[in-house]
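Asker: Below: one structure in structure tokens.
Just so you know, all these numbers are worked out from the coordinates, no wet-lab data involved. A quick note: this is a predicted structure, and the numbers were derived from the prediction, not measured. Backbone-built Cβ (ideal geometry, glycine too); neighbour counts: all protein chains shown.
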Amino acid sequence: MANHERNIWEKIADQLRSKSLWMLHYCTGCGAIELPPSMTSRFDMERFGMGPMATPRQADILFITGYLSAKTLRRVIYTYEQMPEPKYVIGFGSCTLNGGIYYDSYATINRLDYYIPVDLYIAGCMPRPEALLEAFNELMKMIRKGEANGWKQYKENYDWYKNNQIRSLGEVLVHDEFHE
Ligand code: SF4
């Protein structure tokens, strides 16, 4: 997507925003086991201004830690649509990127970015905490440069995302703001 030209206030807001990010971790797969060491004293993600958040309505990042069954995907979509903008998605582990070892399973999806926009993928099975912290730093850089725009893409290409969701899940509730 073409980069939107930000005004000075948006640039300042993005600078500040990149240093205070709250993350909702949606632990769908085995990669979730790498989160505790990333959050606690060994790797300590709070030194970057990042912390865990318990509710989507106050979260900036939706962090998805692995394979997604059709049932889980529906909850992930509803969770994403409850988050306030700007919002960012990280797909953790190969399962979010291409299905990983479950690529031919009847019960799981292969590409998360067909259903919601993913700003950053972390490949691997499972990625180590070092990769996770590297990805956080990369996302912070993208936010500062105005390049983490998945949430805008979701609105601009809403029909495409919604068609993919419906094709895999049947009916999917629609968030009110998209009807306005
Ligand atoms: S990428 Fe590997 S560690 Fe992550 S959910 Fe898939 S199988 Fe599990």
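Asker: Pick from S20, S69, S105: which residue has the top mean-square fluctuation in a GNM of the chain where Cα pairs under 10 Å get a spring?
Answerer: S105
Asker: Comparing G31, G51, G170, which has the greatest mean-square fluctuation in the GNM of the chain with Cα pairs linked when under 10 Å apart?
Answerer: So, out of G31, G51, G170, the one fluctuating most is G170.
Asker: Let me ask something else. Of G124, G93, G66, which has the largest mean-square fluctuation in a 10 Å C-alpha GNM of the chain?
Answerer: Greatest mean-square fluctuation among the candidates belongs to G124.
Asker: To continue, here is another question. Report the net charge of residues surrounding E147, where surrounding means a beta-carbon distance below 9 angstrom and charges are Lys +1, Arg +1, Asp -1, Glu -1. Walk me through the intermediate numbers first.
Answerer: Numbers: positive: K141, R144, K145; negative: D119.
Charge balance near E147 sits at +2.
Asker: Another question, then. Explain nothing, just the number: dipole magnitude of the chain about its Cα centre with +1 on each Lys and Arg Cβ and -1 on each Asp and Glu Cβ, in debye rounded to the nearest 20. Numbers along the way, then the final one.
Answerer: Numbers: 20 positive and 22 negative charges, 46 e Å.
With only Lys, Arg, Asp and Glu charged at Cβ, the dipole is about 220 debye.
Asker: For F63, F43, which order do you get if you count the other beta carbons within 10 Å of each Cβ and list the fewest first?
Answerer: Working: F63 25, F43 17.
The order, fewest Cβ neighbours first, is F43, F63.
Asker: If each of F48 and Y106 carries a label point 7 Å out from its Cα toward its Cβ, how far apart are those two points in nm?
Answerer: Using points 7 Å along Cα→Cβ, the separation is 4.0 nm.
Asker: Can you tell me which aspartates and glutamates have their Cα less than 19 Å from the Cα of K71? Leave out same-chain residues fewer than eight positions away.
Answerer: E81, D104, D113, E171
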